[in-house]
Amino acid sequence: GNASGTRTDRSAWSFDYSLVTGLNGAKGGMDDFDFQLKVDMDSSIGVDYQVFDLTFVGPGNTPFISALGGFGDEDGSNANIAQNSGNFGFGFFKNNIDDGAGYNFGKGAFDIELVAYRKGSDEVLSDVHIRVTVDSDQFAI
């Protein structure tokens, strides 16, 4: 369903992500890895990923970008963190669901995957996958 209150242009659910590098004194920042955020653009049980690539512009400036658009991070200037949230009410999501038919915040199943790769390779270092099932016009479970 759509969000309650004044933001009727937003889905009632969002997904959050947080990437952290350099933990416990380990070397490496955001620009030492490749990250992809894969967002399912098919409201059926099928999966049609739009791939957003993390783009290192500078410390603390690491937006995820795809052919549809993108979104920045909200962590300030920390070179080791990229975090934000996404909402299917954002135009570049909403208007491209189901091959451009758009999303009316109804029932659906959406897969979201965050993948970390060794820089310049297809070697997966970490992979997190969720499926959001919107079971009614009001709730995601």
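All of the numbers you see were taken from the coordinates with simple rules; none came from a lab. This one's a predicted model, so the numbers in the text were calculated from it and none came from an experiment. In this analysis, Cβ positions are derived from the backbone assuming ideal geometry, glycine residues included, and neighbour counts consider all displayed protein chains.
Tell me, what is the percent relative contact order of the stretch 58-121, built from C-alpha pairs under 8 Å that lie six or more residues apart?
Relative contact order of the stretch 58-121: 20 percent.
What FRET efficiency comes out for Lys107 versus Val128 if R0 is 35 angstrom and r is the Cβ-Cβ distance? Round to the nearest 0.05.
Step by step, r from the Cβ atoms, then E = 0.90.
Using unit Cβ charges (K, R positive; D, E negative) and no other charged atoms, how large, in debye to the nearest 20, is the dipole of the stretch 26-79 about its Cα centre?
Dipole about the Cα centre, nearest 20: 80 debye.
Which peptide among 20-27, 99-106 comes first, and what is the full order, when sorted by highest mean count of other Cβ atoms within 10 Å? Please list the in-between numbers first.
Values: 20-27: 9.8, 99-106: 12.8.
Final packing ranking: 99-106, 20-27.
Here are labelled values, (i) 22, 21, 14; (ii) 28, 16, 13; (iii) 44, 15, 10, and one is the computed semi-axes √(5λ) of the Cα gyration tensor in Å for what I pasted. Which one?
(ii)
Tell me which residues come under 5 Å, amide H to amide H, from Phe88 once H is placed; ignore anything under 5 positions away on its chain.
Counting only residues 5 or more places away or on other chains, the set is Ser11.
Sort 60-72, 124-136 by packing, meaning the average of other beta carbons within 10 Å per residue, with the highest value first.
Working: 60-72: 17.2, 124-136: 12.4.
Peptide ranking by packing, descending: 60-72, 124-136.
Based on DSSP H runs of at least 4 residues, each adding -39500 (n - 2.57), what is the mean residue ellipticity at 222 nm of the chain after dividing by all its residues, to the nearest 500 deg cm²/dmol?
Calculated from helices alone, the mean residue ellipticity at 222 nm is -1000 deg cm²/dmol.
Give me the distance between the Cα centres of the stretch 6-47 and the stretch 77-91, rounded to whole Å.
7
Within the chain, how many Lys pairs that are eight or more residues apart, or on different chains, come under 28 Å at the alpha-carbon? Intermediate results must be reported in sequence, preceding the final value.
Working: Lys27/Lys38; Lys27/Lys119; Lys38/Lys94; Lys38/Lys107; Lys38/Lys119; Lys94/Lys107.
Qualifying lysine pairs in the chain: 6.
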